[in-house]
Amino acid sequence: MPSPITKATIAHLANLTRLRLTPAEEERLLHDLQKILEHFEELSAVETTGVPPMTGGTAERNVFRDDAERENTNRGAGKESFPETEDGYLKIPGVF
Amino acid sequence: MESLSTLTIKGIRAGLEAKKFSALEIAQAFFRHIKETDKNIGAYLSIDEEGAAKAARATDLMIASGEKLPPLAGVPVAIKDNMLIRGGSATAASKILESYEGAYDATVVAKLKAAGAVILGKTNLDEFAMGSSTENSAFQKTKNPHDPTRVPGGSSGGSAAAVSGGMAVAALGSDTGGSIRQPAARCGVVGLKTTYGSVSRNGIIALASSLDQVGPFAKTAEDAARVFDVIRGVDTMDSTSAAREYGPDLLEPKPENIKNLVVGLPHEYFVDGLDPKVAGAVRDAIKVLESLGVRFKKISLPHTKYALSCYYIILPAEASSNLARFDGIRYARLPGVLGSLSDIYFKQKGLGFGAEPKRRMMLGAFVLSSGYYDAYYDKAQRVRTLIARDFEDAFRDVDVILTPTTPTPAFKIGEKTDNPLAMYLSDIFTIPVNLAGLPAVSIPVAQKKDDLPIGFQLIGRHFREADILGLGHFYERVTASNN
């Protein structure tokens, strides 16, 4: 079976993940991903009809809190480690 | 003072109470040892002498004024560098976070501080905890204190090496597929992967959120229990954390309860590819446990062989989503990354992430992408259910499951860096536990002094850390008295 990963797939995935890759990296990823996917083929032998997917860790219950006013003690935290700020605002390049 | 390499939490408490040494003297002795030793090992990425001295002095003041000491008073600990400490670096061993500073204390860090622990510094890891050898760090390769030509295992290799090399009494690591147990086995220390939900993940740089758990490294099972008891508990900042009470048997295991445990030996973990030295060491450990009166039973975990594929679909899928946030707009930006929003994203990620995160983000994007989701991601989640059910079925017959922790002892630095699949096989015995959310501990097999360390893994029922740590504790007691 031909690998579902081609050079075009690599370019598409790099765009989805917002990664600028060098030609050498693209070449390497093509090889590695093809090899890894071959290994995954073994899963097609497992009968999973009627088996529900496990989507989390354990004790899956939704956690709610009261919709009440509360003091945020962490306000402003993280500002120091934000790359650019101005007058207390976080600064990013124009979106449009 | 007794040797730093054998000092335990209990030993520190006894020494402090008897005024044999002060907490500050201990901290200073550890920093002296780190400065002498760590240039050859590379366990730490950063140390914090000032912060440690402050914490140690606080303990010394409490002793002077006769106050009751908190459980980890004066205990020097190391923290894996993917956990936040307010105002300190948290690089996750990635260039992309080199200039990032933690904005708050991770819940586990806050709990350690409140318990009186003295945080010595932050330890090396594979970038974003992706790897099995600590060779994937953007900053340095950590070496195994038992043989510096070999890897310490990974991804929490820095924490394992720090405890193994006498550079910390205990340490925190994170375990997504074996990243605590596997380096613990390779460095000859105890490493506990905690039950999913038992310890808050708030303030931990996420790798795969349904698999990640924080846990301790220590020299003994008893010390691991003490650290676990401090860091565990429900946290409103982590909605997957569970409110569970633990009984007194966590810290004080009773021999009569432990010897009544039935231990399962899954034949899928004792396979042909197993290194003969590992197989022999684990057989020796089983004999010791039999002498305690523990009963063994052969069991089967039939879907074990699919765990690796299942894991390497689920993990990259979650990681590609978790790592998307390091876009150069938030957290930190590399020097020279300029331009439009889109330019910044592409340049920052292209320059900032190393080869393994890139590989996994690409793989994750693929298994989640339209047309392939059902064949890979959805299939893997269903297989995950089957793997979890295997354990559920087994735990109807046995209380604990024993396996080797790793298929081989520590390998040579550079041996597997060119072959990602061979590297992934390092975690073949530890991955199923994360998929099922169970607790498991790696206990070093008692061996001759010059042998490379080998660990055996004890897997328990959900929230039954007491069973595996208790069994480990009595194993250590018997082997210590035999020597």
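Read-outs throughout are calculated quantities, based only on the coordinates presented, and are distinct from any laboratory measurement. Computed from a prediction, not measured in an experiment: that's the story for all the values here. Neighbour counts are summed over all protein chains in view; Cβ atoms, including those assigned to glycine, are modelled from backbone coordinates with ideal geometry.
Beta bridges from DSSP with both residues in chain B: antiparallel share about 65 percent, rounded to the nearest 5. Quick check on segment B:184-251: take the gyration tensor over C-alpha atoms, sort the square-rooted eigenvalues as a ≥ b ≥ c, and tell me if it's rounded (a/c under 1.5), prolate or oblate. Cα axes put segment B:184-251 in the oblate bin.
In terms of its C-alpha gyration tensor, segment B:108-250 has a prolate overall shape, because the principal axis ratio a/c (a ≥ b ≥ c, square roots of the eigenvalues) is not below 1.5 and a/b outweighs b/c. Relative contact order of chain B, taken over Cα pairs closer than 8 Å and 6 or more residues apart, is 18 percent. Note on the protein assembly as shown: dipole from Cβ charges, positive end direction compared against B:Phe353, B:Pro148, B:Gly51; the farthest Cα belongs to B:Pro148. Packing order of peptides B:54-61, B:375-382, highest average first: B:375-382, B:54-61 (average count of other Cβ atoms within 10 Å over each peptide's residues). Computed from point charges on the beta carbon alone (+1 for Lys and Arg, -1 for Asp and Glu), the dipole magnitude for chain B about its Cα centre is near 180 Debye.
Gain on full extension, evaluated as 0.36 nm per residue between B:Leu69 and B:Lys39 minus their Cα-Cα distance, stands at 7.4 nm. Can you give me the C-alpha center-to-center distance between segment B:370-428 and segment B:103-147, rounded to a whole angstrom? Between the Cα centre of segment B:370-428 and that of segment B:103-147, the gap is 23 Å.
I want the local charge near B:Phe128. Using Cβ-Cβ distances under 15 Å, sum +1 for each Lys or Arg and -1 for each Asp or Glu among the other residues.
Details: positive: B:Lys80, B:Lys95, B:Lys122, B:Arg201, B:Arg325, B:Lys349, B:Lys358, B:Arg359, B:Arg360; negative: B:Asp81, B:Glu98, B:Asp126, B:Glu127, B:Glu135, B:Asp175, B:Asp212, B:Glu318, B:Asp327, B:Glu356.
That sum, taken over residues with Cβ under 15 Å, equals -1.
With the simple model of a label 7 Å out from the Cα in the direction of the Cβ, A:Ile92 to B:Arg389 spans 4.3 nm. Of all stretches in chain B that contain no GluC sites (Glu not before Pro) in a DSSP loop with at most 11 other Cβ atoms within 10 Å, the longest one is B:246-483.
If you plug the beta carbon distance of B:Ala279 and B:Ala324 into 1/(1 + (r/R0)^6) with R0 = 35 Å, you get a FRET efficiency near 0.25.
In segment B:225-359, taking the dipole from charged Cβ atoms about the Cα centre, the farthest positive-side position among B:Pro335, B:Tyr246, B:Leu265 is held by B:Pro335.
Once you order the gyration tensor axes a ≥ b ≥ c over the Cα atoms, which shape class does the protein assembly as shown get: rounded for a/c under 1.5, otherwise prolate or oblate by comparing a/b with b/c?
oblate
As I understand it, the dipole of the protein assembly as shown uses +1 on the Cβ of Lys and Arg and -1 on the Cβ of Asp and Glu, about the Cα centre. Which of B:Ala446, B:Gly88, B:Tyr311 lies farthest toward its positive end? Checking the options against the dipole of the protein assembly as shown, the answer is B:Ala446. Peptide B:367-380 has a mean shielding of 3, counted as Cβ atoms of other protein chains within 10 Å of each residue's Cβ.
The calculated FRET efficiency for B:Lys448 paired with B:Leu421, based on their beta-carbon distance and R0 = 35 Å, is about 0.60. Once the Cβ-Cβ distance of B:Ser239 and A:Ala11 is raised to the sixth power relative to R0 = 41 Å, the FRET efficiency obtained is 0.65. Taking the alpha carbon gyration tensor of chain B, multiplying each eigenvalue by 5 and rooting it gives semi-axes of 31, 30, 20 Å, largest first.
Each helix, a run of at least 4 DSSP H residues, gives -39500 (n - 2.57); summed and divided by the residues of the protein assembly as shown, these come to -11500 deg cm²/dmol at 222 nm.
In terms of distances greater than 21 angstrom between alpha carbons, the cross-link table entries B:Lys10/B:Lys277; B:Lys95/B:Lys219; A:Lys35/B:Lys305; B:Lys10/B:Lys141 yield B:Lys10/B:Lys277; B:Lys95/B:Lys219; B:Lys10/B:Lys141. Extension gain, B:Leu341 to B:Val262, is 22.6 nm, computed as 0.36 nm per intervening residue step minus the present C-alpha separation.
With each label modelled as a point 7 angstrom along the Cα→C-beta vector, the B:Leu251-B:Ala375 pair spans 5.5 nm.
Electrostatic tally near B:Asp223: other residues with Cβ closer than 13 Å to its Cβ, Lys and Arg +1, Asp and Glu -1, net +1.
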